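Student: If you scroll down you'll find the structure; I have some questions about it.
Each reported figure results from applying straightforward, stated rules to the coordinates on display, with no laboratory input. Quick caveat: nothing in here was measured; it's all calculated off a predicted structure. We place every Cβ from the backbone using ideal geometry, glycine too, and count neighbours over all the protein chains shown.
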Amino acid sequence: MDFSLNEEQRSLQETVKKFAKNELTEIAKKVELEDKAVDKSVLKKFSDLGILGVNLPKKYGGGGMSHLEAVLVLEEVAKISIAIAFPIFESSFGPALAISNFASEELRNHVLPKICSGEIVVAVSMSEPQAGSALTDLTTNARIEKDHIVINGQKRWCSGAGHADGYVVYCRLSDEPGSKGIGAVYIEKETNGFTFGKREHHMGFRGVHSADMYFDNVRISKSNIIVPAGGFKKLMEAFDLERCGNSTMSLACAQSSYDYVLNYVQERKQFGKAIIDFQAVQLQLAEMKMKLDASRLLIYRAVVNADKSLPSIGESSIAKCFANEITREVTGKAMQLMGGYGYSKEFPIEQKMRDAWGWGIAGGSIDIQKTNIASSLIGRRFDQRK
Ligand SMILES: Cc1cc2nc3c(=O)[nH]c(=O)nc-3n(C[C@H](O)[C@H](O)[C@H](O)COP(=O)(O)OP(=O)(O)OC[C@H]3O[C@@H](n4cnc5c(N)ncnc54)[C@H](O)[C@@H]3O)c2cc1C
């Protein structure tokens, strides 16, 4: 077992790190201040560097690399800003992977090259007002009429809502109850009858748009079906990879807070010496470092074991759950170690802490991951309704 990255991977990591620091730092400040997603000029830079769809097949314009390389890229950009990293997350872990794995060749060719060139951003919409953790309670209905589908319903909390150009929407494609009737379709933003509610604002995630989405007799071609009714299990398998992207975003918040505070404690002096010379401060840093390393190894395990396929539910849920928990802890410790400066908006840590908190809700709550982990231990799902 080799725990080190190879030369190409280190070089990719270094290239993206330099690019993110030099080209994205100022943009990140603007995104946070204005709470607006990055425009297409940034996507063009990503595309030129080859960091959109890192792990998508080359024939669709992707990088043809492994999930591990996608993790390395995402972490470096997300350390600067999770909002700026969002299009990379969506193109290498989120909805693009569902399209790449399950959609027809026609739909893949229609959507994926545009994602990889930065022409469009695609978001995923699963949650509804009455269907969060209980996702299989979703009611958005997609009625098949000959060559078309007619969609009616309401969605909530979609990251990118109103800003993204295309949406992978989970909906009911048959009358079968529960998970059996669920599939997913691809809907373009400008489709008649598809509208957005007012912009929602989270505690963190500034620059990641969110709004309710309404479907009022939205008529699209049947060829936009990504997964037909009965394919919920497949969608959840693709979601196992999404969890690794979520874990990486969490890790990036934690790692960048730690990196910042490691310098800070060596510079900040109290009682006539740098605060790193107090043993209590040393212990905090050691605990932060142990958790960061463990989290990184869990993410690497999930994606490396998946190889070119999709990670297992057990390993991806462990990686997500751990990263979601430690990012809250590590960013919190970083804030505490900076005293009043940590709590001030003049310094980056308060933002890191706000951003960090959201990942343990997005993509399935921490406790739902623990239920997944227990299921994978004994090889059967627990029915939450009985
Ligand atoms: C920042 C952010 C981004 C998001 N982005 C997206 C997106 O892009 N697309 C999308 O579709 N959705 C998105 N979501 C929605 C997210 O997936 C849901 O918020 C999440 O699944 C939880 O659902 P809920 O909010 O309805 O909470 P609920 O399901 O009401 O859960 C509330 C609490 O009850 C607990 N709980 C519920 N059921 C159980 C159970 N059976 N066992 C134990 N505990 C339980 C949960 O753990 C949680 O702590 C996002 C959310 C956030 C905060």
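Student: Over the chain, what is the relative contact order in percent, taking alpha-carbon pairs closer than 8 angstrom and at least six residues apart?
Tutor: Normalised by residue count, the contact order of the chain is 15 percent.
Student: Same structure again: Using a 7 Å offset from the Cα along the Cα-to-Cβ direction at both Lys222 and Glu188, what is the distance between the two label points in nm, to one decimal?
Tutor: 2.1
Student: I'd like the FRET efficiency for Arg143 and Asp259, computed as 1/(1 + (r/R0)^6) with the beta carbon distance as r and R0 of 51 Å, rounded to 0.05.
Tutor: Step by step, r from the Cβ atoms, then E = 0.50.
Student: Here's another thing I want to ask about it. Beta carbons within 10 angstrom, averaged per residue: use that to sort the peptides 18-30, 76-88, 239-251, highest first.
Tutor: On the way: 18-30: 15.4, 76-88: 26.5, 239-251: 28.5.
Peptide ranking by packing, descending: 239-251, 76-88, 18-30.
Student: Another one. Per residue, what volume in Å³ does the Cα convex hull of the chain take up?
Tutor: Cα-based convex hull of the chain, divided per residue, equals 143 Å³.
Student: Using only the Cα atoms of region 309-386, construct the convex hull and provide its projected area averaged over every direction, in square nanometres to one decimal.
Tutor: 6.9
Student: Further, regarding this structure: Determine the calculated [θ] at 222 nm for the chain from helices alone, applying -39500 (n - 2.57) to every DSSP H run no shorter than 4 residues and normalising by the residue count; nearest 500 deg cm²/dmol. Mind showing how you got there, number by number?
Tutor: Values: 13 runs with 195 residues, N = 386.
Helices in the chain give a 222 nm mean residue ellipticity of -16500 deg cm²/dmol.
Student: Let me ask another. Rounded, prolate or oblate: which fits region 109-166 when a ≥ b ≥ c are the square roots of the eigenvalues of the alpha-carbon gyration tensor, with rounded for a/c under 1.5 and prolate only if a/b beats b/c? Could you put the intermediate results ahead of the total?
Tutor: Details: a/c = 2.69, a/b = 1.32, b/c = 2.04.
Taking the square roots of the gyration eigenvalues as a ≥ b ≥ c, region 109-166 is oblate.
Student: Rounded to two decimal places and with Rh computed the Kirkwood way over Cα pairs, what is Rg over Rh for region 232-378? Spell out each step's value before the answer.
Tutor: Details: Rg = 17.1 Å, Rh = 16.0 Å.
The Rg/Rh ratio comes out at 1.07.
Student: So, one more: State to the nearest 20 debye the size of the charge dipole of region 123-227 about its Cα centre, where the only charges are +1 on K and R beta carbons and -1 on D and E beta carbons.
Tutor: 140
Student: Please report Rg (one decimal) and Dmax (integer) in Å for the Cα set of region 1-75.
Tutor: 14.0, 46
Student: Quick check on region 123-227: what are the equivalent-ellipsoid semi-axes from the Cα gyration tensor, as sqrt(5λ), descending, whole Å?
Tutor: 22, 16, 10
Student: Next question, about the same structure. Once the piece of chain linking Tyr214 and Ser179 is laid out straight, how much longer is it, given 0.36 nm per residue of separation minus the C-alpha distance between them?
Tutor: The Tyr214-Ser179 span can extend by a further 10.4 nm.
Student: Once the Cβ-Cβ distance between Lys289 and Ile366 is put in as r, and R0 is 22 Å, what FRET efficiency do you end up with, to the nearest 0.05?
Tutor: Given R0 = 22 Å and the Cβ-Cβ separation, E is 0.50.
Student: May I ask you to order 63-70, 279-286, 94-101 by the average number of other C-beta atoms within 10 Å around their residues, highest value first?
Tutor: Most protected by this proxy first, the peptides run 94-101, 63-70, 279-286.
Student: Is the C-alpha gyration tensor of region 1-145 telling us rounded, prolate or oblate? Criteria: a/c under 1.5 is rounded; beyond that, a/b larger than b/c is prolate, otherwise oblate.
Tutor: Taking the square roots of the gyration eigenvalues as a ≥ b ≥ c, region 1-145 is prolate.
Student: For region 37-102, what are the per-bin percents of Cα-Cα distances with bins 10 Å wide, up to the bin holding the maximum?
Tutor: In order of increasing distance, the bins hold 23, 59, 17, 0 percent.
Student: Please compute the modelled spin-label separation between Arg380 and Gln279, points set 7 Å along Cα→Cβ, answer in nm with one decimal.
Tutor: 5.2
Student: Specify the inter-centroid distance of region 67-135 and region 312-342, based on alpha-carbon positions, in whole Å.
Tutor: Between the Cα centres of region 67-135 and region 312-342 lies a distance of 23 Å.
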